[in-house]
Structures are given as C-alpha cells and as structure tokens.
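Asks: Below you'll find the structure I mean.
The values are calculated or read from the model by the stated rules, or taken from the named source; none is laboratory data. In this text the structure is predicted, and so the values were computed from the model without any measurement. Methodologically, a virtual Cβ is constructed for each residue, glycine included, from the backbone with ideal geometry; neighbour enumeration extends over all protein chains shown.
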Amino acid sequence: MLLSMKFVEPIERTLNSKFKFRCHKGISCFNRCCRNADILLTPYDVVRMKKRLGISSEEFLEKYAYVHIDEKSSHPYALLKMTDNDEKKCPFVTPEGCGVYEDRPVNCRNYPVGQGLMIKGTEDRKVKEGFYFFIKEPNCLGCGEDNEWTIEQWRIDQGSDLYDEMNREWKEIQLRRDALGQPKLDPKKQSMLYMASYDLDRFRRFIFESRFLDSFEIAKEEIEKIKSDEIELMKFGFKYQKYILMMEETLKVKEAQL
Ligand code: SF4
Ligand code: SF4
C-alpha cells in the first residue's frame, strides 16, 4: 500500500528481523485496512487480477483502478479505486475478508512489511531488494497478536518472491528515472508507459494491429512468445518502456524506417 510515511518505522530491517503479527477474522479491526487505502498496483498484480476476474486489462483498469501521476518523476501509476461513497471500501473486500485473496496485490500481501529498493552496480544496474522496514499503523491490531515471524518467513508465506521477480525490471525503470533526475514526461509518453505497464490487452493490439512490427526488428521467436504468453508480453512491455525513455536501445528500428 502507499502508506503515509508517518506509519513507517525509520529502521532498516533484514530478512532475519523478527516481528509479531496475525490477521484473522476474529480481530476487531478485521477489514478496516481494506478501505480508504492508497494501493499501488504493479504490472504483475494486474495480470493476476484480471485473469482471476476473467476480464480484459482495459475493463479491469476502467472499473478498478485510477491513474496517479507521481509529482516528482511524472511517471504514471495505477492505484486501486475505492468505492465512490462514504465507505470508500476496496471493491474486493467481503465480510469474509479479501475476495481475491490468492491474487491480491503485492502491497496487500507484504503488509506490515515494506521494502526499500536500490540499484547496485554501475554495469548491470539491476535492482536489489535492499532492505525492509515495518509499517506500524495505529488502527491495525495485528501487531499485538502472538504469532512471531522473521521477514523471510513472512515473505515465503505471502508468496512475495514471485511478485518481486515478475516486477523487478519494472521497478528498475522507476528507480533509474529517479536516480537520473530525468525531465518530466509529456502526456503521450505517460499514456504509452501506462499502456505498456498495465494495459497489456491494448498493448498487444498496439503491437499486432499497428505498424509496430514494420518499424522494429524483432525476432520471429520473440513475436511468437509475446503473442501467446502474457508474461512474455509484460516483459516485452518493460523493454519497450526502456526504449521510449531512452534508457537503453532495447529495440532496433528497421533500416527501411531510418
Ligand atoms: S485487494 Fe484484498 S487485501 Fe487488498 S485492499 Fe482489497 S480486499 Fe483488502
Ligand atoms: S490486523 Fe491489520 S491487516 Fe489485519 S484486518 Fe486488522 S488492520 Fe487489516
């Protein structure tokens, strides 16, 4: 979740750091955190949730997300849209808890553990999941329960590694932009980045139903992969984002187009 920094403990933790936490139906704050929350979505969150709901990425984003433009970097992000009434509930919360539990967004999974990221190495410039921190929201009573975890045990229990693996390259793009202090994005670039991050059904049409493949040299095997495999399409989206942000020459323009 995009939580206010005032709830973030200013102490760096490691995978061995211990904490107590249990979230369950009998706790008096049950479901309280699933309303009026700023929950940042990642590309892999959208892949999982739209598949679970059996809808397109366009329908998912239209119904369940809104665009947030980061003030500093001007990068576009999708956030989960709360219901438009006084309750401001997450559209997926039910009296039994999360209605999309197995496919819930990574920020819901990791809570109350937050993750700090950094780029290491000047050559590969890869994201390393650098450190962790605890989020201590006063309204969350789970920290008063007796179940003890290390951060590593918590992450295994929540399936966090798979989400990190899937989103790593996308996070790297955000961090590199922040580190480079790049110029503000214009609305056209923001819209392309949003599409290539989150709206994969539209991105697929953009690749296969426009002049895209006439413009770029892309190996046949890669074309086949992105046509049939959504994860490959998502990864190609990361490549495309690096290209349009001029971070790396991840795509090659066909000679006839030059
Ligand atoms: S997705 Fe699930 S866990 Fe996350 S806020 Fe909504 S109901 Fe709660
Ligand atoms: S214990 Fe915390 S995470 Fe669980 S329902 Fe209560 S507020 Fe939400």
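Asks: Name, by its number, the condition in (1) within 16 Å of ligand 2 (Cβ to nearest atom); (2) farther than 24 Å from Tyr132 by Cα; (3) at pLDDT 95 or above that does not hold for Lys20.
Replies: (2)
Asks: Can you tell me which condition Lys225 does not meet? The list is (1) touching a residue at least 24 places away in the same chain (Cβ under 8 Å); (2) farther than 19 Å from Phe131 by Cα, and all the others hold.
Replies: Among (1) touching a residue at least 24 places away in the same chain (Cβ under 8 Å); (2) farther than 19 Å from Phe131 by Cα, Lys225 violates only (1).
Asks: Follow-up. Of the numbered conditions (1) over 24 Å from Glu165 (Cβ atoms); (2) buried (at least 20 other Cβ atoms within 10 Å of the Cβ); (3) small (Gly, Ala, Ser), Gly26 fails exactly one; give the number of that condition.
Replies: Exception for Gly26: condition (2).
Asks: Would region 53-68 turn up any residue that is more than 24 Å from Gly159 (Cβ to Cβ) and either at pLDDT below 95 or of a type in the set (Ser, Thr, Tyr) (or both)? Lay out the reasoning, then the answer.
Replies: Within region 53-68, the first condition is being more than 24 Å from Gly159 (Cβ to Cβ), and the residues that meet it are 56, 58-59, 62-63, 66-68.
Add one more test, that the residue is either at pLDDT below 95 or of a type in the set (Ser, Thr, Tyr) (or both), and what stays is 56, 66.
The answer is yes, given that some residue of region 53-68 is more than 24 Å from Gly159 (Cβ to Cβ) and either at pLDDT below 95 or of a type in the set (Ser, Thr, Tyr) (or both).
Asks: Show me the helices (runs of 4 or more DSSP H) entirely contained within region 208-258 in which 2 or more residues are within 22 Å of Thr42 (Cα to Cα) and under 24 Å from the mean Cα position of the chain (by Cα). Steps first, please.
Replies: Details: elements: 212-215, 220-228, 230-244.
Of the helices (runs of 4 or more DSSP H) lying wholly inside region 208-258, those with at least 2 residues that are within 22 Å of Thr42 (Cα to Cα) and under 24 Å from the mean Cα position of the chain (by Cα) span 220-228, 230-244.
Asks: Right, another one. Going through Glu87, Glu71 one at a time, which residue ends up being within 16 Å of ligand 2 (Cβ to nearest atom) and modelled with pLDDT under 95? Please lay out each step first, then the result.
Replies: Numbers: Glu71 fails: within 16 Å of ligand 2 (Cβ to nearest atom).
So the residue among Glu87, Glu71 that is within 16 Å of ligand 2 (Cβ to nearest atom) and modelled with pLDDT under 95 is Glu87.
Asks: Consider only pairs whose beta carbons are under 8 Å apart and that are at least six residues apart or on different chains; among these, list those whose first residue lies in region 190-212 and is crowded, with 20+ Cβ neighbours inside 10 Å and whose second residue is modelled with pLDDT of 95 or more and charged (D, E, K, R).
Replies: Met195/Arg202; Asp199/Glu58; Leu200/Glu230
Asks: Separate question: Taking region 216-255, which residues are touching a strand residue (DSSP E or B) at 6+ places or on another chain (Cβ under 7 Å) and loosely packed, with under 14 Cβ neighbours inside 10 Å? Walk me through how you get there before you give the answer.
Replies: First pass over region 216-255, keeping only residues touching a strand residue (DSSP E or B) at 6+ places or on another chain (Cβ under 7 Å): 216-217, 251-254.
Glu217, Lys252, Val253, Lys254 - these are the residues of region 216-255 that are touching a strand residue (DSSP E or B) at 6+ places or on another chain (Cβ under 7 Å) and loosely packed, with under 14 Cβ neighbours inside 10 Å.
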